[in-house]
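The next block holds one structure in the form of C-alpha cells; read it before the comments.
Please treat every number below as a calculation from the coordinates, not as lab data. Nothing here was measured: the structure is a model prediction, and the numbers come from that model. Note: ideal-geometry Cβ built from the backbone for every residue, glycine included; neighbour counts use all protein chains shown.
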Amino acid sequence: QVQLVESGGGLVQAGGSLSLSCAASGRTLGWTLGWYVMAWFRQAPGKEREFAAGISQSGGTTYYSDSVKGRFTISRDNAKNMLYLQMNSLKPVDTAVYYCAADFLGSGIGTEGNKYNYWGQGTQVTVSS
C-alpha cells in the first residue's frame with residue numbers, strides 16, 4: 001500500500017546536525033500520506049529498535065522520546081509525500097540505523113513498533129566523538 005525510502009544518513013561529528021528524509025509513495029488511486037500516522041525509529045548495534053519521534057496524520061501533533069526531546073524535530077509535508085527528521089546536537093549515542101514507519105489509519109501516535117504497518121529499509125547515522 002505504501003513504499004518508504006529513507007535518505008540523508010551519513011557520518012557527522014558530535015554536536016553537529018543532520019537531516020533525514022523519508023519519501024513515501026502509494027499505488028492506489030486517491031492515495032495520500034495523510035492516511036498514516038508516521039514515526040521515526042532507530043536501532044543501534046546490539047540493541048532493540050526504539051521509538052524516536054512520531055507525528056499525527058495532519059502534522060498537528062508530535063511526540064518524542066525523552067532521549068531525543070529538545071534535539072530532534074519531526075515534520076511532514078503530505079502534499080509532497082515526505083516525512084522529515086531534523087537532528088541537532090547529535091551525540092555518539094545517536095548512532096543507529098534510522099527507519100521511517102507508517103501506521104495506516106492510525107488513531108494516535110504509538111511508541112511500539114508493532115503498531116506500524118509499513119517500514120522503510122533504513123539509513124545509517126554515525127556520530128563520531
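Looking at the square roots a ≥ b ≥ c of the eigenvalues of the Cα gyration tensor of the stretch 16-74, which shape do they give, rounded for a/c under 1.5, prolate if a/b is larger than b/c, or oblate? Prolate shape, in that a/c is at least 1.5 and a/b is the bigger ratio. By a straight-distance test (C-alpha under 17 Å), which lysines pair with K47 as possible cross-link partners, with residues fewer than eight away in the same chain excluded? Once the sequence-local lysines are set aside, what remains near K47 is K91. Under the simplified labelling scheme, the Q124-S67 pair shows an inter-label distance of 1.9 nm, with each label point 7 Å from Cα along Cα→Cβ. Between D77 and Q13, the simple label model (points 7 Å from Cα in the Cβ direction) yields a spacing of 3.0 nm. As a length-normalised measure over Cα pairs under 8 Å and 6 or more apart, the relative contact order of the chain settles at 36 percent.
Rounding to the nearest 20 debye, state how big the charge dipole of the chain is about its Cα centre with +1 on each Lys and Arg Cβ and -1 on each Asp and Glu Cβ.
About 100 debye.
Here the gap between R49 and S107, fully extended at 0.36 nm per residue and compared with their Cα-Cα distance, gives a gain of 18.7 nm.
Residue-normalised convex hull volume from the C-alpha trace of the chain: 92 Å³ per residue.
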